[in-house]
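Values in this text are rule-based calculations from the coordinates and carry no lab data. Predicted, not measured: the structure shown is a model, and the values here were computed from it. Note that we place each Cβ from the backbone using ideal geometry, even for glycine, and neighbour counts take in every protein chain shown.
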Amino acid sequence: MEEEKKKIKKPLGVARLLPSKCIACGARCQSVCSRKAIEMSESGEPIIDITRCSGCRRCIKICPAEALEIYYTPEQQKLLDEIAKMEAEGAAKAVVAEADEDFEEDALPKGHGEYRGLWVFVEQVDGEPATVAWELLGVGSQLARELNVETAAVIIGDKVENLCQEAIAYGADKVYLIEHPVFRYYRTEPYFRALCDLVRKYKPEIMLVGATGVGRDLAGAVATDLKTGLTADCTGLAVDSDRRLLMQTRPAFGGNIMATIVTEKTWPQMSTVRPHTFRLPEKDTTRKGEIIREVTGIKESELCTKVVEIIQRNSGGVDVASADIIISGGRGMQHPDNFKILQELADELGGVVACSRAAVDSGWMPAERQVGQTGKTVRPKIYFACGISGAIQHLVGMQNSDIIIAINRDKHAPIFEVAHYGLVGDLFKIVPSLTKQIKELRAKSKA
Ligand SMILES: Cc1cc2nc3c(=O)[nH]c(=O)nc-3n(C[C@H](O)[C@H](O)[C@H](O)COP(=O)(O)OP(=O)(O)OC[C@H]3O[C@@H](n4cnc5c(N)ncnc54)[C@H](O)[C@@H]3O)c2cc1C
C-alpha cells in the first residue's frame with residue numbers, strides 16, 4: 001500500500017567548479033550564494049567551501065558558462081542509485097530532498113511582493129524609436145520568462161501610438177502609453193514625473209533603460225526620485241529567479257574587474273544598457289499585446305524648461321556604432337597618416353574606420369570613432385582590430401561582434417583571447433596585402 005512505502009531523504013550533493021569553462025563573469029555565483037560558501041580567487045574563479053555548500057543549485061542556475069556542476073560523494077551516489085531502484089520497484093515513497101531550509105524564508109526581502117513585472121522604457125525622438133529599446137525588449141522578455149512575469153514597454157511622447165504595436169512585435173506583452181503635447185520634446189522634468197507616476201501605480205520589479213543621452217538622464221532622475229538603485233552601462237544581465245534579483249554586470253574600478261551588482265532592497269531594480277550590447281530580437285508582427293493608456297496631469301505652465309530650438313550635431317557622417325564592418329586601429333598604427341591603409345580596407349569592404357582610446361589620446365582620430373568603455377559599444381558583423389592590444393576597456397565595447405579578426409605582432413596580446421581569427425605579424429604588411437587580395441578577388445569575380 002502507498003502509505004507503507006519507505007520515505008527516504010535524497011542527498012543534494014555540493015557544487016563543483018569545471019575550471020576550463022569558467023569565464024570569470026564577475027562573481028555571479030558568489031553573489032547568489034546565501035551560505036557564503038563561495039569566495040573568488042584572484043583570477044575571478046569561484047573557490048567553493050563544500051562544508052558550507054547546501055547543494056541548493058542557485059550558483060549552477062546563474063552561471064552563464066555552465067562552469068559549475070553538482071558533485072556527489074561515492075556514498076551519496078550509491079544512495080541515489082538505491083533510491084532510483086526502490087522508486088522503480090515502487091518500494092520508496094516520493095523522495096524528500098534535504099532542503100536549504102533556512103534560506104527561503106529570508107530570500108525575498110520584505111516589500112518585494114508588491115512589485116512584479118519587467119519594464120523597458122522606449123525612447124523616441126520625433127516618433128522615431130531608439131533601437132536600443134527593442135534590444136532591451138529582447139533580453140528583457142527572456143529574463144521575464146525566467147521570473148514568470150510579463151514584459152511591458154513604456155512609451156511616453158506626443159502622437160506616438162504607432163510605436164505600441166512595434167513594441168509588442170519586439171516582445172512586449174503590455175504597453176503603457178502616455179501621450180500629451182508636453183512630451184513633444186524630451187525634457188527631464190515631465191518625463192521623469194510621468195515615469196515615476198507610472199511606477200508608483202503599477203510597481204514593476206525591474207526597469208531597463210537604454211544608456212543613451214536621454215536614457216542616462218531620465219534613469220538617474222527616476223531612480224533618485226524613487227530612492228532605488230540604478231546600475232549604469234551594464235554589459236550583462238541575468239536573473240536569480242529564486243530571489244528575484246537582477247544580476248547586473250558591468251566593468252568596475254576603471255574597467256579592471258567585471259562586477260555583478262544587485263539592488264536587493266529597493267524597487268524597481270534599474271539598469272541602463274548601451275546600444276548594441278544585446279542583439280536585436282526577431283520582429284514578430286503577429287504577436288498580440290495589451291495597450292494601457294494613461295493620462296498625465298502635468299501642465300506646460302508648471303515646467304521650468306522650454307525647448308526653444310533643436311540644433312543637430314554634425315557627427316561627420318560616420319556612425320561607428322551602427323556599422324556592419326569596422327576596421328579599428330590602435331597605438332600600433334604609430335602615426336595618424338597610417339590610418340589611410342585602414343580606410344582603404346574599409347572602402348574595399350564597405351566598412352568604417354574606428355579606433356582605440358590610445359589613438360584618440362594621441363590625437364590621431366576623433367573621439368566619436370573610439371570603441372570601448374568610454375567610447376562606443378559596437379556589434380558589427382566583422383571587427384578588425386589592428387595594432388590594438390585588447391585592454392579590457394576596449395574589449396567591453398567590441399567583444400560581442402559576430403567575427404573578430406585581430407592583427408598584432410605580439411602573439412601574447414590579449415586581443416587574441418576574444419578573436420575568432422588571429423593574424424600574428426606586422427599590420428603594415430598584412431593590412432595592405434588583405435586589401436590587395438580582396439581587390440583582386442573582386443576584379444576576378446567581375447571578369
Ligand atoms: C577608465 C578607463 C577607460 C578607458 N576606456 C577606453 C575605451 O573606451 N577604449 C579603449 O580602447 N581604451 C580605453 N581605455 C584605455 C585602455 O586601458 C588601453 O590603454 C587602450 O585600449 C590601449 O590602446 P591600444 O590597444 O591601441 O594600445 P596598446 O595597448 O599600446 O597596444 C598597441 C598594440 O599594437 C601592437 N603593435 C604595435 N605595432 C604593431 C605592428 N606594426 N603590427 C601589429 N601590431 C602592432 C602591439 O603589439 C600592441 O599590442 C580606458 C582606460 C581607462 C583607465
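Of Lys9/Lys265; Lys201/Lys376; Lys36/Lys174; Lys201/Lys288; Lys381/Lys429; Lys411/Lys436, which pairs sit farther than 29 Å apart, going by alpha carbon to alpha carbon?
Details: Lys9/Lys265 35 Å; Lys201/Lys376 36 Å; Lys36/Lys174 38 Å; Lys201/Lys288 24 Å; Lys381/Lys429 24 Å; Lys411/Lys436 24 Å.
Beyond 29 Å: Lys9/Lys265; Lys201/Lys376; Lys36/Lys174.
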Treating the chain as a set of equal point scatterers at the Cα positions, no solvent, please give the Debye-formula log₁₀ I(q)/I(0) at q = 0.09 Å⁻¹.
-0.73
Taking the range 216-323 as the region of interest, what is the percent of Cα-Cα pairs per 5 angstrom bin, listed from the shortest bin to the one with the maximum distance?
2, 8, 11, 13, 16, 18, 14, 12, 5, 1
Among Ala27, Ala232, Ala88, determine the one that fluctuates most according to a GNM of the chain built with springs between C-alpha atoms less than 10 Å apart.
Ala88
Could you identify which residue out of Ser328, Ser43, Ser20 has the top mean-square fluctuation in a GNM of the chain using Cα springs shorter than 10 Å?
Ser20
Here the range 112-302 gives, from Cα atoms, an Rg and Dmax in Å of 15.5, 48
If a cysteine in the chain has no other Cys Cβ under 4.7 Å from its own Cβ, put it on the list, ordered by number.
Cys22, Cys25, Cys33, Cys53, Cys56, Cys63, Cys164, Cys196, Cys234, Cys304, Cys355, Cys386
Any idea what the relative contact order of the chain is, in percent, if you count C-alpha pairs under 8 Å spaced at least 6 apart?
11
Sort out the exposed loop GluC sites (Glu not before Pro) in the chain (DSSP loop, at most 10 other Cβ within 10 Å) and tell me the longest stretch that has none.
67-281
Suppose we keep just the alpha-carbon trace of the range 292-368; what are its Rg and Dmax in angstrom?
20.6, 59
Calculate how many DSSP beta bridges within the chain are antiparallel, expressed in % of all such bridges and rounded to the nearest 5.
30
Would you mind computing, in nm to one decimal, how far apart the modelled labels at Ile291 and Lys381 are, each placed 7 Å from Cα along Cα→Cβ?
3.5
Kirkwood Rh and Cα Rg combined as Rg over Rh, evaluated for the range 134-217:
0.95
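Assigning unit charges at the beta carbon (Lys, Arg +1; Asp, Glu -1) and nothing else, what dipole magnitude in debye, to the nearest 20, does the range 320-446 show about its Cα centre?
Values: 15 positive and 12 negative charges, 51 e Å.
Dipole about the Cα centre, nearest 20: 240 debye.
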